[in-house]
1. Is the shape of region 243-400 best called rounded, prolate or oblate, per the rule: a/c under 1.5 gives rounded, else a/b larger than b/c gives prolate, else oblate, with a ≥ b ≥ c the square roots of the Cα gyration tensor eigenvalues?
2. Going by average Cβ neighbours within 10 Å, how do the peptides 350-357, 115-122 rank, with the highest at the top?
3. In whole Hz, with x marking every Gly and Pro, tabulate ³J(HN,Hα) for region 139-155 from phi via Karplus 6.51 cos²θ - 1.76 cosθ + 1.60, θ = phi - 60°.
4. Amide H to amide H, which residues 5 or more places from Val161 or on other chains are under 5 Å from it, using H placed in the peptide plane?
5. Multiplying the sequence separation of Glu139 and Ser250 by 0.36 nm and subtracting their Cα-Cα distance, what value in nm do you get?
6. Under the rule a/c < 1.5 gives rounded, and otherwise a/b versus b/c splits prolate from oblate, where does region 283-369 land using the Cα gyration tensor?
7. Non-local amide H neighbours of Ile396 (under 5 Å, H modeled in plane, Pro and chain starts lacking H): which ones?
8. Kindly state, to the nearest 0.05, the FRET efficiency for Thr44 paired with Ala22, given R0 = 30 Å and r defined as their beta-carbon distance.
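The values are calculated or read from the model by the stated rules, or taken from the named source; none is laboratory data. Quantities reported herein were computed from a predicted structural model and do not represent experimental measurements. So basically every Cβ, Gly included, is an ideal-geometry build from the backbone, and we count neighbours across all protein chains shown. Just the protein is used for accessible areas: all its heavy atoms, side chains included, with ligands, DNA and RNA removed. Shrake-Rupley method; radii C 1.70, N 1.55, O 1.52, S 1.80 Å.
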Amino acid sequence: MTQFSSTGDPDARIIHTGNLSAREIAMRLGRSRRDFLRDAAGLTLGSTFLGASPFLRGETAARKRKVIVITFGGGARDQETFAPQGRENIPHLLSEMIPQASFFTQVTNHGILGHYVATASLATGVYETLNNFSAVPPEHPTVFEYFRKDLKRPASDAWVVAPSNGFNRIGESDYRSYGPGLGARVVLPKHLLSAATSGSGIDYGHLLRDNYETPLYTPQIGGGEFELQQLEIILKLSVDDFKAHARTVSSPDELSVFIAKRLMKEEAPSLLWITMHDIDVAHSGAFSLYIDAIQRTDRLCAELWKAAQSEPEYAGNTTLFILPDFGRDGDEDPGGNGFQHHRTGDVASRTTWMMALGAGVRPGVVYDRPMQSIDLVPSLGAIMGFSATRSQGRPIEELL
């Protein structure tokens, strides 16, 4: 029978799966996160019955509202994060950000556990079924298309920053009545760096590795993605300055955050989506690199939030969402590889979390009712004033 037990530390909650159903295990996982955050960060248990929405309504508020979404390509397990033995890896999230946030402990992904297809599902609100390593757009309209079409926003108002070349098509679908011309601009920092350093003789290999799972092939770049010559025009950044900065960073995600901060400063998009993938180094099997990536991601999330608070266009009217695309295998699953992979489809791989903070969010509240990752898109629609008509998710009541 599944139960909670201790491993020396009286606060170290471990979940033993036993013969419980997936739903029961997910509920216990969510409650474990809830109890940890109540103890460690002082969050209070929230309810959907909290009165009027804190979001400001009206045309003026809608025009100024900004939303930033940060997703993780490869989740970090609770024992390395939201547990007493993992809290040292997330000092910024735990001490600075979560006390300002509404935290959702039980967010389930029922789709395919591949990073591109899962991120596409997050961006469409539909569990996409495309080939994870194919150079194809999502099959359903994206949040960027809903946003731009319904609110008549220009291309400069929706951007995606993604690390992998395989994400070059995520900005817009080919769905009839949406599709080409209505999506987000996509920046692939690795692609830019590869073009900028071609023939330079300087080793940027640690920043250019494209996928820790080494797919059979890497999709070719092509379409409407951000190109090297646009660095100076749009981001006011010379190629030499870009290369010089790249030499100062240690990971692709640090390069992505640098580009995202330039976008915030120069373009101030109302909808900015950033996908981080450093944590997926876990596929290499090196636990120390996996921990380093968790700690770096924790720092980068705080860095982006501080940047939003310091930019005049974002300060006071920005809502930030942070969530993994999915989790990783549990240690107890005989078919898995623990922290290294996400191949079993077990509860630990599918049950993640989400936090929201900033404008319109109730701070210091934790919610543990079940929801799905595809609920993000209709929730963003309700917040920003567009209709995600073809999404299969439901608006998150606690945010509205």
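1. Oblate, because a/c is 1.5 or more while a/b does not exceed b/c.
2. 115-122, 350-357
3. Whole-Hz 3J(HN,Hα) from phi for region 139-155: 7, 10, x, 8, 4, 5, 5, 4, 4, 6, 6, 5, 9, 6, 9, x, 4.
4. Sorted by chain and number, the residues that satisfy this are Val187, Trp273, Ile274, Thr275.
5. Length gained, Glu139 through Ser250: 36.5 nm.
6. Verdict is oblate for region 283-369.
7. Amide H to amide H, under 5 Å and 5 or more residues apart or across chains, Ile396 pairs with Ser379.
8. Numbers: r = 28 Å, r/R0 = 0.94.
Taking R0 as 30 Å, the efficiency between Thr44 and Ala22 is 0.60.
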